[in-house]
Every structure is written in C-alpha cells, then in structure tokens.
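Below is one structure, written out as structure tokens; the observations come after it.
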Amino acid sequence: MSDATANTVAAEGEAQFGDYVALLKPRVMSLVVFTALVGLLVAPVSVPPMIGFTAILFIAIGAGASGALNMWYDADIDRVMKRTAKRPVPSGKIEPGEALGLGLALSVLSVVMLGLATNLFAAGLLAFTIFFYAVIYTIWLKRLTPQNIVIGGAAGAFPPMIGWAVATGGVSIESILMFGLIFMWTPPHFWALALFMKSDYHKAKVPMLTVTHGRAETRKQILIYTALLVPVAIGAGLTSIGGPVYLTVAVVLNALFLKGAWDIWRRDEEAAEADNYLVEKRVFRFSLFYLFLHFGALAVEAGLRSAGMGGW
Amino acid sequence: MPITETHEIHKRRFSRNLGVALCLVAFIAIIFGLTIAKIQQGYSMEAFDHQPRLSITPVEGEE
C-alpha cells in the first residue's frame, strides 16, 4: 500500500489548518495578547513597535504551545466531557503525538524568539510559564487538588509580567500587582461559572471544588478570594502605573464585585435554583468586564501619561 | 510518478499546506523586520543573535 492510499483511507475527519489553530486555544491566546500588551505599554521603558509586536506575538505563541501540551495530556478527560469532546485530539482529527510535537516545537520557538527579540529574562519567564501550565498545572496538580483553578490561574497571570519584563528586563511591584490581579480574579470568576454550569468534571474524575467541598463552601471561597482581590486591584492604582482614572475605575468595579460575591455567599442552592442562578450568572458576566476594564484603565493611564497627563 | 499529476490528497491538504506556507512567509517577514528594528536602534551588535555586545562597544574616553 502506498503512502497515498494510506492517506486516502485516513481521509475521514482529517485535520485542516484550522484544527491545528484550535489546538493552540485561540480564545486564551487573545486574553494573553491583551494583558501582555498592557504590561508592555504601562512599563516605564518604551519599546520600538516592531520589537513590541514580535514580543507579543511570541508570548501568544508560547501560550498556544502550552495549550497544545495541555490538549495532548488531557485528551483522556477531554474525551469524557461534553464541552471538550470535540477538541482536535479527542475527536481523532489530530494524533496525540502531533499535538505533543507541535506543543514542544512552538514552546522552544517562542522562548528562543522572545529571547532574541527582547531579553533573556523575559524569555526565561515565558519558559517558566509554559512549564508551570503544562507540567505543574496540567500534569501534576489539576487532577490532584480542588484548588486546581487557583494554580491554573497563576499560569494565566504571567503574561502582563512578561510584557513588563520585555520592556524593563526585570520584575517590580507593578508587575507583581498585575500578576496578582489576574491570579486572585481567576477563582471567583471560574467558581461563579461552576455554580451554574452543571459540568461533567466528576465523570472525568477531576476534583472540582463544587463537587469535593460542596456548593456552600464554593460560595464562601468566592467571597474570600474576592475580598483578597480588592486590595491588590486598588493597590495597583497607587503605584507608578496607576492614576486617577484607574483608581476611580478600580474602586467602583471592586465595590460592585465584592457586593456580587457577598450576594453569592448569602444565597443557598434553593434560592439559586428558584431564580435559575440569576446572581451567579450576573457576577460571572460582570467578572469578564471587571478584568477587561482594569487592564483597559491601565492602558488609558499609560496613554494619558505619554500625552503629559494622567498618572500621579 | 510525475510530480505534475494531482492526487486527491493535494486538494484535501490544500488548506494545511497553504497555512504552513503563509506561516513560513510571515516568519521570514518578522525576522527581517526585527533585524531592521534592531539595526535602527544603533546598538553595537553581532549578527548571529541580534544582541548588543559590550565587548565591541567603544570604551568612553578612548578612540
């Protein structure tokens, strides 16, 4: 049998270019692009546009590579869950080995290119982020602890820090606070979703807080993490990246988010089922705006500063 | 078999091949743009990794 015949036999459901793009989790990549770009823009050192563009592109490709590694390792649980069963690996369009190969190749490419385009510190931070998401989160802790969302959130929090490192070559209180903003935001954001989305994580034997510790405990944890998020978000406004615009936005958004988390905590399942999880859905939708508007306000402050206004 | 003969697989894999080709062209364009941007910064650098080399930077006060 020639190669051509073998390939004709395997024609059913063959992977197209779009399937390889899907392997890189483009929606996650878009969030990475946005937050890394803000991290780059708010830094006190300006970066030539072409170098900035290249840096953001390869940070996004690095994030995509860790997504591909995640899909390679998690193919068994993705196959079991309805939401993920159509992903390229569990649906059989892409071989697991191909996903692993693409993930590893793009990881090396993104880290090397970021190092060449910017500096070794930023490249090292990107390499650590990929390692953290693929190995620490996906392979090690995701299936082990119900705090998996908190750990996964740390991986998603690194991009603005990398963007900052691209410009400055280091870490500072500002970049740590941008990291903290996404890190502390992820648990209440995701657990609000987990309360109203009846997912099948238990079928895949992934320990989710709603299943392992119950829904009342999840409501309490949402309030705790939101309360811890408030000083981080407002604190960022008092540093060199903040200013009156950011601080106003942060105070209003955090008051609203805290009120939402309080409302979630005070409800029980009976009340939530009676109005079809209205409060939980509202808080989840609000959390999306919350993060977007915080980083948007930081970008606005940077724009105002470069025009001689804004900032402290 | 002459390469001019088009098999069904060529049609089926067109999107994949086109995508890879466009990625390669984009990669070349990025490397070119990056090189120009680095040169315009005016650093004393060696070409192989586009990084400034302190060893070839003139010491202040010397010719």
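Coordinate-derived values only; no laboratory data. Just so it is clear, the structure is predicted and the values come from calculations on it, not from any experiment. Here the Cβ positions follow ideal geometry from the backbone for every residue, glycine too, while neighbour counts run over all protein chains shown.
Table for the structure above
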{"read-out": "Selected residue [buried (at least 17 other Cβ atoms within 10 Å of the Cβ), in contact (Cβ under 8 Å) with a residue 60 or more places away in the chain and over 23 Å from the mean Cα position of the chain (by Cα)] from A:Val245, A:Val283", "value": "A:Val245"}
{"read-out": "Candidates A:Leu126, A:Leu116, A:Leu104, A:Leu120 - the one that is among the hydrophobic types (A, V, I, L, M, F, W, C) and touching a helix residue (DSSP H, G or I) at 6+ places or on another chain (Cβ under 7 Å)", "value": "A:Leu126"}
{"read-out": "Hits in segment A:20-40 - residues which are away from chain B (no Cβ under 14 Å) and surrounded by fewer than 23 Cβ atoms within 10 Å (Cβ to Cβ)", "value": "A:Lys25, A:Arg27, A:Val28, A:Met29, A:Ser30, A:Leu31, A:Val33, A:Phe34, A:Leu37"}
{"read-out": "So A:Glu301, is it in a helix (DSSP H, G or I), touching a residue at least 40 places away in the same chain (Cβ under 8 Å), in contact with a Phe, Trp or Tyr (Cβ under 7 Å, 6 or more places away or on another chain) and closer than 20 Å to A:Pro231 by Cα", "value": "yes"}
{"read-out": "Residues of segment A:260-280 satisfying the condition of being under 27 Å from the mean Cα position of the chain (by Cα) and on the phi > 0 side of the Ramachandran plot", "value": "A:Tyr277"}
